[in-house]
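Here the structure is laid out as structure tokens; the discussion comes afterwards.
The values are calculated or read from the model by the stated rules, or taken from the named source; none is laboratory data. As the structure is a prediction and not an experimental result, all values here were calculated from the model. Using ideal geometry, Cβ is built from the backbone for each residue, glycine included, and neighbour counts are taken over all protein chains shown. Surface areas here come from the heavy atoms of the whole protein model, side chains and all, with no ligands, DNA or RNA. Shrake-Rupley method; radii C 1.70, N 1.55, O 1.52, S 1.80 Å.
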2 protein chains.
Amino acid sequence: MPKRFAPAIILSHPQLGENIGAAARAMANFGLADLRLVAPRDRWPNKKADAMAANAGHVVAAARVYESVAAAAKDLKLLFATTARDRKVAKPVLTPAEAAKRLRAAAKRGLPTGLLFGPERAGLENDDLSLADAVVTIPTAPDYASLNLAQAVLLMGYEWYLAGDKTPTERIDHGIGKPATREELFALFKHLEDELDRAGFLYPPHKKPAMVRNLRAMLHRAALTDQEVRTLRGVVTALVKDKQRKKLREKG
Amino acid sequence: MPKRFAPAIILSHPQLGENIGAAARAMANFGLADLRLVAPRDRWPNKKADAMAANAGHVVAAARVYESVAAAAKDLKLLFATTARDRKVAKPVLTPAEAAKRLRAAAKRGLPTGLLFGPERAGLENDDLSLADAVVTIPTAPDYASLNLAQAVLLMGYEWYLAGDKTPTERIDHGIGKPATREELFALFKHLEDELDRAGFLYPPHKKPAMVRNLRAMLHRAALTDQEVRTLRGVVTALVKDKQRKKLREKG
């Protein structure tokens, strides 16, 4: 999704340059680039913001400064305000994931969107909340709810990114091999079971079928690659050889 | 869920005390309390960690120090390692949400679990990865993937917390009123429409039904509370009165 569809991040009355820089970094982590500052307390541009932004300097450099939330948000067609705790406003309160879904849906329709964050300590004032379509509250442990500004931006950016991310919930990195074919796996079973038979491990005979099934279950569960099957066959061979060498030595 | 079922957070070879303190704070935000440090580079206990932890000082104070990842994880029955980028290990790679689901499921069965994080710059070594059941990779913008240690702990803690959180995706805070009954809403419709009829707004007559439907749709969409219905009726009355006053003044 091109960057122009990503939500604008509006920081209302931010205090420390460091926090603006850290917010910019969090934005870059999740592909956000449109930073808007409403009446930053300290001088702008701000060296501490630049230093903290590190590689995300482009986000800080492109930041625009406004006099009011209304001015910063005037081109937006969907605006959500983040708050730590519940406010007494009859406004929909969304989870971050639900907000992210709606931002993506609006972006797909070509609508400019934004996320509004309050100053470090106080959070958003009710007057600013009244300019937003809905409120987003980040769930936290009730006895320790304080998130700093950059953390709040990070979590909202993360959810926005996730809402467009197609990474499967589980995948195996087969950089070092492809999944073994059943033929390769069955050959390993046979190799191991033959050697264990020879070693007298699969004994007594009436217990052998269950022992074999258990061994195969373990190997199946490991979801081996072709390379790993070869490694394990080498392991079996090495152990057998070592035993034979020992026997020879003992005899010798 | 009692804290003993929450995953242990293992920081392998952390460098700066500040980062340990920031990680402890992120843990507290999401109800995590079991912090384990493997060979921290700087002196431990560490004043900078205490200062950065702020209200999460209890997490830092209870942290235990180990010589190796193996020692720190020895009591755990499920261990996931977080990495920024893909590694050449044939190991399942999970999304944070999937990992969180599995940690919760293991905790429900009474199994102690953990999340392993590498040092600030280098990330986890392959030897440490080899001790984990699976790898978790936090999705980020490909051109800006670097998360700091506390950010990684924050995002994993957030996902763990979410996996047990039952907040509805959307709710309305009716602290200042209950949803209006249909009777209250219909009375508002009638009040507004009567006054608009009197004012000549619902004209010409053949357009009146559609105009009324549009007005009602807007008011429905707003999902008004009982208090808000009263406020809007007051607004209508005030505008009518003002108009009447003006007329009187003009006549007078």
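Take A:GLN227 and A:ASP165, extend 7 Å from each Cα along the Cα→Cβ direction, and tell me the distance between the two endpoints in nm.
Spacing of the two 7 Å Cα→Cβ label points: 2.6 nm.
Taking a probe of 1.4 Å and counting only protein heavy atoms, give the total accessible area buried between chains A and B in Å², rounded to the nearest 100. Working shown, then result.
On the way: alone 15650 and 15680 Å², together 27060 Å².
Approximately 4300 Å², summed over both chains.
Express the accessible area of the protein assembly as shown per residue in Å², computed with a 1.4 Å probe while the remaining protein chains stay in the model.
Details: 27060 Å² over 504 residues.
Accessible surface, normalised per residue, equals 54 Å².
What does the average come to when, for each residue of peptide A:160-172, you count the partner chain Cβ atoms lying within 10 Å of its Cβ?
On the way: counts 0, 4, 6, 0, 1, 3, 1, 7, 4, 10, 8, 6, 7.
Mean partner shielding for this stretch: 4.
Tell me, what is a quarter of the convex hull surface for the C-alpha atoms of the stretch B:82-149, in nm² with one decimal? Before the final figure, lay out each step's value.
Details: hull surface 19.7 nm².
The Cα convex hull of the stretch B:82-149, projected and averaged over all directions, gives 4.9 nm².
Might you report the magnitude of the Cβ-based charge dipole of the protein assembly as shown about its Cα centre, with Lys and Arg at +1 and Asp and Glu at -1, to the nearest 20 debye? Show your work: numbers first, answer last.
Details: 82 positive and 56 negative charges, 187 e Å.
The calculated dipole for the protein assembly as shown is roughly 900 debye.
Could you pull out every one of the lysines with an alpha carbon less than 27 Å from that of B:LYS208, ignoring same-chain neighbours closer than 8 positions?
Once the sequence-local lysines are set aside, what remains near B:LYS208 is B:LYS190, B:LYS241, B:LYS243, B:LYS246, B:LYS247.
With 26 Å as the cut-off, how large is the P(r) tail for chain B, expressed as percent of Cα-Cα pairs? Spell out each step's value before the answer.
Numbers: 17564 of 31626 pairs.
So the portion of pairs separated by more than 26 Å is 56 percent.
Of B:LEU149, B:ILE172, B:HIS206, whose Cα points farthest to the positive end of the dipole of the stretch B:143-252 (charges on the beta-carbon: +1 Lys, Arg; -1 Asp, Glu; origin at the Cα centre)?
Positive-end residue among those listed: B:HIS206.
Is there a quick way to get the dipole size of chain B? I mean about its Cα centre, with the Cβ of Lys and Arg at +1 and of Asp and Glu at -1; what is the value in debye to the nearest 20? Don't jump to the answer; show the numbers that get you there.
Details: 41 positive and 28 negative charges, 241 e Å.
I would put it at about 1160 debye.
So who's got an amide H within less than 5 Å of the one on B:THR225, skipping anything under 5 residues away but keeping other chains? H placed 1.01 Å off N, in plane.
B:ALA180
So for the protein assembly as shown, what percent of the C-alpha to C-alpha distances run longer than 44 Å? Write out the running numbers ahead of the final one.
On the way: 42900 of 126756 pairs.
Considering the protein assembly as shown, 34 percent of its Cα-Cα pairs are separated by more than 44 Å.
With an 8 Å Cα cut-off and a minimum separation of 6 or more residues, compute the relative contact order for the stretch B:1-73 in percent.
Details: 131 pairs, mean separation 28.1, N = 73.
The value is 38 percent.
Mind putting together the pair-distance distribution for the stretch A:1-47? All Cα pairs, 5 Å bins, whole percent per bin, short to long.
Spelled out bin by bin, the stretch A:1-47 gives 5, 22, 31, 22, 13, 6, 1 percent.
Would you tell me the mean number of C-beta atoms belonging to other protein chains that fall within 10 Å of each C-beta in A:142-148, as a whole number? Each step should come with its number before you reach the end.
Numbers: counts 1, 3, 11, 2, 6, 5, 5.
Average per residue, whole number: 5.
Which ³J(HN,Hα) values, rounded to whole Hz and listed in residue order, are derived for the stretch B:195-204 from phi using the Karplus coefficients 6.51, -1.76 and 1.60 in 6.51 cos²θ - 1.76 cosθ + 1.60 with θ = phi - 60°, glycine and proline given as x?
Going residue by residue, I get 5, 5, 4, 4, 7, x, 6, 8, 9, x Hz, with x marking Gly and Pro.
Say a paramagnetic label sat at a point 7 Å from the Cα of B:ARG41, along Cα to Cβ; which residues of the stretch B:136-155 have their backbone N under 15 Å from it?
B:148-150
If the stretch A:1-144 were replaced by its equivalent ellipsoid, with semi-axes equal to the square roots of 5 times the Cα gyration tensor eigenvalues, what would those be, largest first, whole Å? Please report the intermediate quantities before stating the final value.
Details: eigenvalues 100, 68, 44 Å².
Equivalent ellipsoid of the stretch A:1-144: 22, 18, 15 Å, largest first.
If the label for A:ALA84 sits 7 angstrom from Cα along the Cα-to-Cβ line, what are its distances to the same label in every other copy, in nm to one decimal, shortest first?
Ordered by distance, the counterparts are at 2.8 nm.
Taking only the alpha-carbon atoms of the stretch A:19-100, what semi-axes of the equivalent ellipsoid follow from 5 times the gyration tensor eigenvalues under a square root, in whole Å, largest first? Walk me through the intermediate numbers first.
On the way: eigenvalues 124, 50, 31 Å².
Taking √(5λ) for each Cα gyration eigenvalue gives 25, 16, 12 Å.
If you average the alpha carbon positions of the stretch B:105-168 and of the stretch B:1-56, how far apart do those two centres end up, in angstrom?
14
Hey, got the average number of other protein chain Cβ atoms within 10 angstrom for residues in A:21-30? Could you put the intermediate results ahead of the total?
On the way: counts 0, 2, 0, 0, 5, 4, 2, 6, 11, 4.
Neighbouring Cβ atoms belonging to other protein chains average 3 per residue here.
So what does log10 I(q)/I(0) come out to for the stretch A:26-74 at q = 0.21, 0.23, 0.26 Å⁻¹, using the Debye formula with one equal point on every Cα and no solvent?
For the stretch A:26-74, the Cα-only Debye profile gives -0.76, -0.88, -1.03.
Return the carbon/sulfur percentage of the accessible area of the stretch B:146-220, one whole number, probe 1.4 Å, all protein chains in place. Write out the running numbers ahead of the final one.
Values: 2580 of 4370 Å².
Here carbon and sulfur together make up 59 percent of the probe-accessible area.
Based on the Kirkwood radius over alpha-carbon pairs, what is the Stokes-Einstein translational diffusion coefficient of the stretch A:161-252 at 10 °C with 1.306 mPa s viscosity, in µm²/s? Before the final figure, lay out each step's value.
Working: Rh = 15.7 Å.
Rounded to a whole number, D works out at 101 µm²/s.
With each label point set 7 Å from Cα along the Cα-Cβ vector, what nm distance links B:ALA62 and A:LEU248?
Going from the B:ALA62 label point to the A:LEU248 one covers 5.9 nm.
Relative contact order for chain A using alpha-carbon pairs under 8 Å, separation at least 6, rounded to a whole percent? Could you put the intermediate results ahead of the total?
On the way: 367 pairs, mean separation 50.0, N = 252.
20 percent.
What are the equivalent ellipsoid semi-axes of the stretch B:109-233, built from the alpha-carbon gyration tensor (square roots of five times its eigenvalues), in whole angstrom, biggest first? All intermediate terms of the calculation are to be shown ahead of the outcome.
Working: eigenvalues 700, 68, 26 Å².
That gives 59, 18, 12 Å for the three semi-axes.
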